[in-house]
Each structure stands twice: as C-alpha cells, then as structure tokens.
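Undergrad: A single structure is presented below for examination.
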C-alpha cells in the first residue's frame, strides 16, 4: 500500500478503519489520523509515524521495529505482544495505553506514559511474551507517574530525570539501569533487582517501598 491508499482507507471507513495484517513497512505515514483503527498484526517496520494520531488503536501483535513515532499520540492504545525494538517514540503520548512486548533499545525520552500499563500478564504466561522487555531503553525525562511496570525487564534502561512517582515496579529487573535524578516519590520497588543500578540523586527515596 502507498500513503495515499492508507489515507483513503482511513477516510473512507464508515466505522473503525481496518488495516489488520497489512504490510505498511517503510511508508511515511507521518501526521495521519489513525484514531480507533484496527492495526492488529500489521507490519509497520521502519515506518515514519511522526505526529500521527494513533489514540485508541489496536496495535496488538503489530511489528514496528525501527519505526519513528516521535510526538505521536497513542493515548489508550492497545499494544499487546507488540514488537517495538529500536523504535523512536521520543515525546510521544502513551498515557493510559496497554503495552506488553519487545521494546528493547526503544527511545521513549520525554514521552508521556502516565497511568500506562506495562505490567506482566502472569495469567497468560503461555503467551509470548508475558511481560514487557525494555533492555537498554531510553526513558530520560519520561513521565511514568502512576504507571505499572510490574515484572518488567528493564536492565540497563536509562531513567535519568524521569518521573516515576507512584509507579509500580515490583519484581522489575533494573540491573544496570540508571535512575539518576529520577523522582520516585511514592513508587513501589519491592522485590526489584537493583544489581548495578545507579540511584545517584534520586528524589523521594524516603517514601519508596523496596528501595532500602
């Protein structure tokens, strides 16, 4: 499909735009309005979606390796079993979204993830993956207030200056992660792995559970 065909598919839809399983890899779809679209299992590898509106979309099992979603809106989107390895979501808004999948090396610097649910689905451990994998993720200055990252694999993730107020990071793997100058007031880190984690200048540590 071309950008023009995708735009026509969206604008011509009488109900929820349906792009399930479509190969949209490598397309420049920046600025398009995908609100509420069904992109289940779509191939968006290498796509440019900068500034696109993907609020309340179904991106379950979608592939977005190396995609660019800078300043994109994904409020309330569902990203179950998504592949976002190496994607750039700097400045994107993922508030209230549901995310489980592969986000290794993802760039979420300055992104909004308020009340986002990235917690493990332990009731479905037979499904792959059952938890979010964010090794080497960049989350500098990101807003993760009230977010759920329970059981998240976050080794060597960069949280410098991030807002983690009231976030749930119970059982999270933070080995080698950098939380320098992050605000962790009211966060829950019980049973988290802090092997080699940098906590220099962390704010609000006195009110945190599990950061002894």
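The values are calculated or read from the model by the stated rules, or taken from the named source; none is laboratory data. Note that the structure is predicted; figures quoted are calculated from it, not measured. Cβ coordinates were reconstructed from backbone atoms using ideal geometry, including for glycine residues, and neighbour counts include every protein chain displayed.
Undergrad: Hey, can you tell me all the residues within region 181-212 that are closer than 19 Å to residue 113 by Cβ and out of contact with any helix residue (DSSP H, G or I) (no Cβ under 9 Å at 6 or more places or on another chain)?
TA: 181, 182, 183, 188, 189, 192, 202, 203, 204, 208
Undergrad: While we're here: Within region 178-201, count every residue that is surrounded by fewer than 20 Cβ atoms within 10 Å (Cβ to Cβ) and farther than 10 Å from residue 166 by Cβ.
TA: 12
Undergrad: Residue under question is residue 145, and the condition is that it be within 22 Å of residue 66 (Cα to Cα) and either part of a strand (DSSP E or B) or at pLDDT 95 or above (or both); does it hold?
TA: no
Undergrad: Does residue 120 fit the bill of being modelled with pLDDT under 95, touching a helix residue (DSSP H, G or I) at 6+ places or on another chain (Cβ under 7 Å) and in a loop (DSSP other than H, G, I, E, B)?
TA: no
Undergrad: Something else now. Scan region 62-111 residue by residue and report those that are within 11 Å of the chain's Cα centre (by Cα), within 19 Å of residue 34 (Cα to Cα) and not in a loop (DSSP other than H, G, I, E, B).
TA: 78, 79, 80, 82, 83, 88, 93, 98, 99
Undergrad: One residue is enough: does region 154-163 have a residue meeting the conditions touching a helix residue (DSSP H, G or I) at 6+ places or on another chain (Cβ under 6 Å) and modelled with pLDDT of 95 or more?
TA: no
Undergrad: Shifting gears a bit: Of the residues 61, 98, 115, only one is within 22 Å of residue 24 (Cα to Cα), surrounded by fewer than 21 Cβ atoms within 10 Å (Cβ to Cβ) and free of Cβ contacts under 8 Å to residues at least 60 places away in the same chain; which? Explain how you work it out, then say what you get.
TA: On the way: 98 fails: within 22 Å of residue 24 (Cα to Cα); 115 fails: within 22 Å of residue 24 (Cα to Cα).
One residue alone meets the criteria, 61.
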